[in-house]
Amino acid sequence: MPVFVSAKYDYPYNDIISDRLFYNRNAMKESDVQKFLESKGSYLADFSEGGKKASGLIYEACKSYGLNPKIVLVMLQKEQSLIEDGSPTERAVRCAMGYGSCDEKYMGFSKQIDNGVWILGKGYKDNKSRYAYDVGKETMTQDGIKVKPKNYAVAELFIYNPVAGVNKGNGNYLFWNLWKNRYKFGADNILAGTLIREKGSNGVYLIGNEGAKHPFWGSSAFSQTYRREQIVDLDTSDFVNVGSGDPIKLRDGVLFRASNGAVFISQNGKKLGVPNPETLKALGYTNRDPISLNKTEADLLPYAGKFKKDGFTRPNGTFIKTKGSQAVYLIDQNKKRPFWDKKIFDFNYNGKVVVVEISRKEFDNYKNGPPVKFRDGAILQAPSGGIFVISGGKKRGVASMEIFWGLGLDKKNIIKVSKAILDMHPNAPTITTY
């Protein structure tokens, strides 16, 4: 966890930013850098040197040396206020990144960008034995704070500027405040449907369509849909930058037995009581089918009354098939929705389902619904070899394996599918950053 000190400007100085974000050279395209400068009314939006715009110089240096362009934007503001100053001094522009303590031999915007990006993206790490600050090593800063960097990125920030700034709001406090609060960069590209966990913690969260992290109300709410191998571990600095959302309850259609022996079906975030064995049998279940739910998780679901076996409509989330057929359907809003591929069935529900066999007459009474698609978080491989991630109900191509790894994805979770299955999912823009 972050270390905090009793000072005017408290911040997690040991865990300012993750390596994942710091070295993400794909975080912005050149046009993104330009748009950011323009949005802040920066002098640099119209500045050029040697026939190249400031945005181009920043982008090219970051690509070459493996640094996130957002780091450079923060450093330009931290060192010389160049992001928000519409009319800086000539010296401020020539000493843009504060590299080399603004010695005359390092002066000049292009030189500052090239040297500053090189030293942060590559130089320090390649020569780390020459510097006092290192991962896990406790070192006293110039303003008297003992820091122990959690990763290379934090160590490099302190090598570049060995000031914590907890008393005066300067140094690396200023970097952190600009990054997190002023420009709100943070971990803003985590895809909907991603399971995340803070490194060193057991709590698992799901990223929703709005970008917030949603906790699970209990182990069954997780295990009835998700698998642990799909979890992406985030550094604390990334994790805390993701907003929080409402907890995730047990999905619809889960038959469970509470600690007192009572049987229920989860439905619309509530629990519907199954009053007796006759009703359980009428639903097509046996006494062995309910999963066990602890009292805490069961009590979190409000009681919605008893299920009546006479003239019933099967609950949402029920899985059905007819005798002699292997085809499974999902009951959803009184419609039967087919699974066009067993891989969808296995992925979406983690194999934790009970399939009820019903009569052909009842089966025919249900109207046909749309086929069930892969849920968010699925990683699909097309016959052509292209990789896609399902997010927000749509498929998004992954531009490169560098992006794939940057998103925290794992090749063992890739599911090979046919073109027809892939085409079920609408297209969305290709993922070119993380």
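The values are calculated or read from the model by the stated rules, or taken from the named source; none is laboratory data. As the structure is a computational prediction, the values presented were derived from the model and not from experiment. All Cβ positions, even for glycine, are placed from backbone atoms using ideal geometry, and neighbour counts span all protein chains on display.
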Considering residues that are surrounded by 17 or more Cβ atoms within 10 Å (Cβ to Cβ), farther than 20 Å from Asn413 by Cβ and of a type outside the set (Gly, Ala, Ser), the number found within the stretch 215-237 is 3
Tell me whether the stretch 73-82 contains one or more residues that are basic (Lys, Arg), surrounded by 16 or more Cβ atoms within 10 Å (Cβ to Cβ), in the same structural domain as Thr139 (by TED's automatic domain parsing) and part of a loop (DSSP other than H, G, I, E, B).
no
Report yes if some residue within the stretch 243-253 is outside the structural domain of Glu362 (by TED's automatic domain parsing), hydrophobic (A, V, I, L, M, F, W, C) and either closer than 19 Å to Leu206 by Cα or buried (at least 19 other Cβ atoms within 10 Å of the Cβ) (or both); otherwise report no.
yes
Whichever residue in the stretch 145-165 is in contact (Cβ under 8 Å) with a residue 40 or more places away in the chain and aromatic (Phe, Trp, Tyr) and, among such residues, is surrounded by the fewest Cβ atoms within 10 Å (Cβ to Cβ):
Tyr152
Among the residues listed as Lys168, Lys184, Lys125, Lys180, the single one being of a type in the set (Lys, Arg) and either more than 27 Å from the chain's Cα centre (by Cα) or crowded, with 22+ Cβ neighbours inside 10 Å (or both)
Lys168
How many residues does the stretch 413-434 contain that are touching a helix residue (DSSP H, G or I) at 6+ places or on another chain (Cβ under 6 Å) and either of a type in the set (Ser, Thr, Tyr) or free of Cβ contacts under 8 Å to residues at least 24 places away in the same chain (or both)?
1
What are the pairs, 6+ residues apart or on separate chains, where a residue within the stretch 283-302 that is closer than 14 Å to Gly317 by Cβ has its Cβ under 7 Å from a residue that is modelled with pLDDT of 90 or more and of a type in the set (Ser, Thr, Tyr)?
Ile291/Ser220; Leu301/Ser266
In this structure, is Gly50 in the same structural domain as Asn151 (by TED's automatic domain parsing), in contact with a helix residue (DSSP H, G or I) (Cβ under 8 Å, 6 or more places away or on another chain), surrounded by fewer than 21 Cβ atoms within 10 Å (Cβ to Cβ) and not aromatic (Phe, Trp, Tyr)?
yes
Output yes when any residue across the stretch 131-144 is in a helix (DSSP H, G or I) and more than 30 Å from Asn209 (Cβ to Cβ), and no when none is.
no
With the condition kept exactly as written, say whether any residue in the stretch 313-328 is within 30 Å of Leu191 (Cα to Cα), surrounded by 16 or more Cβ atoms within 10 Å (Cβ to Cβ), in contact with a Leu (Cβ under 8 Å, 6 or more places away or on another chain) and charged (D, E, K, R).
no
Residue satisfying condition, being touching a residue at least 24 places away in the same chain (Cβ under 8 Å) and closer than 25 Å to Gly406 by Cα, within set Tyr173, Tyr183, Tyr133:
Tyr183
Within 34 Å of the chain's Cα centre (by Cα) and basic (Lys, Arg), is that true of Lys335?
yes
Of the conditions (1) free of Cβ contacts under 8 Å to residues at least 40 places away in the same chain; (2) touching a strand residue (DSSP E or B) at 6+ places or on another chain (Cβ under 7 Å), Gln230 fails just one. Which one is it?
(1)
Failed item, numbered, when Leu409 is tested on (1) surrounded by 17 or more Cβ atoms within 10 Å (Cβ to Cβ); (2) under 24 Å from Gly317 (Cα atoms); (3) modelled with pLDDT under 95
(2)
Sole residue being outside the structural domain of Ile159 (by TED's automatic domain parsing) and under 23 Å from Gly171 (Cα atoms), chosen from Asn24, Asn14, Asn68:
Asn14
Can you pull out every residue in the stretch 413-426 that is in a helix (DSSP H, G or I) and surrounded by 13 or more Cβ atoms within 10 Å (Cβ to Cβ)?
Asn413, Ile421, Leu422
If a residue has to be in contact (Cβ under 8 Å) with a residue 12 or more places away in the chain and more than 21 Å from Lys63 (Cα to Cα) to count, how many in the stretch 92-119 make the cut?
6
